[in-house]
Each structure stands twice: as C-alpha cells, then as structure tokens.
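Okay, structure first, notes after.
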Amino acid sequence: MGRRVSFNYPPKRIISLVPSQTELLYDLGLKNEVIAQTIFCIHPKEMHESKLKIGGTKKLKMDLIKSLQPDLIIGNKEENEQQQIEELMLEFPVWMSDIKDLKDALIMIEQVGVLVGKTEEANKIAENIHLDFEDLLVQTETKKCLYLIWRAPWMAAGNDTFINDMMKRMGLINVVSNEFARYPQLTNENLLELNPELILLSSEPYPFNEKHIEELKSFLPKAKVLLVDGELFSWYGSRLLKSVKYFNNLMSEMYV
C-alpha cells in the first residue's frame with residue numbers, strides 16, 4: 001500500500017483481523033502477543049475459544065479495538081473494509097497484506113515474521129510450503145472448473161483471486177474469465193453458458209452441502225460436482241502446509 005508502519009519492536013499487543021494470518025501468528029509462537037482476533041479466526045480451536053473477539057473481518061468493533069491500545073494491527077486489503085482500516089490507521093500502526101497468488105502468500109509469511117520478531121520461524125514455514133507445492137501432482141488432462149463460494153445468488157471465485165491461483169496450480173481452467181468481476185454473482189443461465197466440467201463447492205463462507213450438489217446436477221447433469229475444504233483453497237497463511245496433500249487426494253476424485 002506504499003505506507004510506512006512504525007511501532008515498538010517487537011510488538012507485544014497484536015490484533016489480527018484475518019483468520020489465515022491469525023493462525024500464522026500462533027504457529028510462529030505468539031499465543032501471548034495476540035490479544036484479540038475476529039470471530040472467524042477459528043484456528044487453533046483453543047485460541048478461538050479463549051481470545052477476545054473484535055467482531056467480523058468486515059464488521060469490526062472499532063471502540064473495542066481502540067480501547068485495547070494495540071502495538072500492531074495486522075489485516076488484509078481484500079478481507080477488511082477500507083473505511084474501518086483507514087480509521088484505525090489514524091491511531092495505530094496497521095500493516096496490510098495484499099495477496100493474489102502463492103508467491104504473494106510466501107512473501108507475506110516472511111514479512112510477518114520480520115514484523116513480529118520471528119524471522120527464522122516464518123522463513124522455515126514459507127520454505128516448507130514452497131517445497132510442498134513442488135510435489136503437487138498436476139494432471140495433464142485439464143478440466144474447465146467453476147469454484148462457487150455462495151448461494152442465493154451464486155457467487156464464484158474469479159480469475160484475479162488466490163483461489164484461482166490454487167486452481168491453476170492443480171491444472172484446472174477457471175471458466176470465470178477476466179471479463180467477470182473478482183467474485184461475480186451468477187444466475188443459473190450464466191452457469192449454463194459457462195458449462196463447467198467440474199464444479200467445486202467451497203465449505204466457506206457459504207456452508208454448501210449435498211443438497212446443493214443435487215440442485216446443480218438438476219440443470220448441469222454432465223458436470224462433476226464436489227464439496228471441497230474452502231480453507232485449503234483460500235487461507236494463505238501456515239494452513240497452506242496442509243493444502244498440497246489435500247489437493248493431491250482431491251484430484252483422484254476429480255478425474256475418476
């Protein structure tokens with residue numbers, strides 16, 4: 001974002017506004033330094049249950065955050081609302097990530113390590129993720145794929161997203177091309193026109209289940225429809241350490 005962020009180093013009172021980055025902070029060993037997080041920061045479970053909640057990623061409890069007097073706030077350009085972030089920037093050091101692909105994610109992990117005094121630990125996580133993705137089994141047969149994140153209306157992950165980068169690395173072709181928004185709303189007619197061979201229904205933010213598979217199959221009978229773990233497609237922190245094993249197993253279902 002082109003901003004300079006100055007704070008007492010290393011920070012002892014951190015508020016994290018993004019689930020994947022919150023989990024990363026804990027994996028870096030900062031259980032005491034993270035003083036508050038969002039209601040969606042569900043990993044690890046014991047921290048989700050014990051830590052103070054400051055609202056949702058896009059509906060922050062601003063007065064509560066200000067009362068906590070954090071040394072550092074960590075957010076993300078896509079996940080958080082610009083107006084709220086700009087208001088917090090007036091009073092506190094706020095560091096923002098902007099992530100569209102795996103390369104961005106690895107840079108973020110390393111930069112967060114520097115920010116919080118855990119450079120060695122963060123570099124190790126980033127290196128392990130990089131090595132894991134070298135073992136990703138990419139199919140030679142590509143499939144036209146639609147990744148849905150919401151129902152009523154249907155919403156999909158578009159071309160310029162982190163999810164799209166994960167799909168590309170698996171050899172999938174996103175039917176939602178650059179002419180669409182990053183997360184476009186789609187009608188049934190749009191889905192028919194896109195004519196995907198494969199539809200992936202994310203577990204988050206919408207809780208898709210078996211009935212949605214049947215719904216889609218009713219008007220796209222030739223498409224293969226699978227429920228997938230949305231965290232492993234969209235969380236760009238240390239959870240990526242679990243993604244490649246999951247993707248490799250998932251591809252055996254995609255290509256049956």
Of everything in the range 15-54, what is β-branched (Val, Ile, Thr) and either surrounded by fewer than 21 Cβ atoms within 10 Å (Cβ to Cβ) or modelled with pLDDT under 95 (or both)? Give them in sequence order. Ile35, Ile39, Ile42
Can you give me the number of residues within the range 209-231 that are under 27 Å from the mean Cα position of the chain (by Cα) and within 12 Å of Pro196 (Cβ to Cβ)? 5
With the requirement that a residue be more than 30 Å from Gln111 (Cβ to Cβ) and either touching a helix residue (DSSP H, G or I) at 6+ places or on another chain (Cβ under 6 Å) or touching a residue at least 60 places away in the same chain (Cβ under 8 Å) (or both), what does the range 227-256 give you? Met251, Met254, Tyr255
Any hit, the range 197-205, residues being over 19 Å from the mean Cα position of the chain (by Cα), surrounded by fewer than 13 Cβ atoms within 10 Å (Cβ to Cβ) and either more than 16 Å from Met254 (Cβ to Cβ) or assigned by TED's automatic domain parsing to the domain that holds Glu78 (or both): no
Out of the range 230-256, which residues are touching a strand residue (DSSP E or B) at 6+ places or on another chain (Cβ under 9 Å) and either more than 19 Å from Ala156 (Cα to Cα) or surrounded by fewer than 18 Cβ atoms within 10 Å (Cβ to Cβ) (or both)? Tyr246, Leu250, Glu253, Tyr255, Val256
Among the residues of the range 58-70, the number that are under 20 Å from Gln82 (Cβ atoms), surrounded by fewer than 23 Cβ atoms within 10 Å (Cβ to Cβ) and either outside the structural domain of Val116 (by TED's automatic domain parsing) or touching a Phe, Trp or Tyr at 6+ places or on another chain (Cβ under 9 Å) (or both) is 2
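The values are calculated or read from the model by the stated rules, or taken from the named source; none is laboratory data. Every value quoted in this text rests on a predicted model; they were computed, and no experiment measured them. Counting neighbours? That spans all protein chains shown, and the Cβs are built from the backbone with ideal geometry, glycine included.
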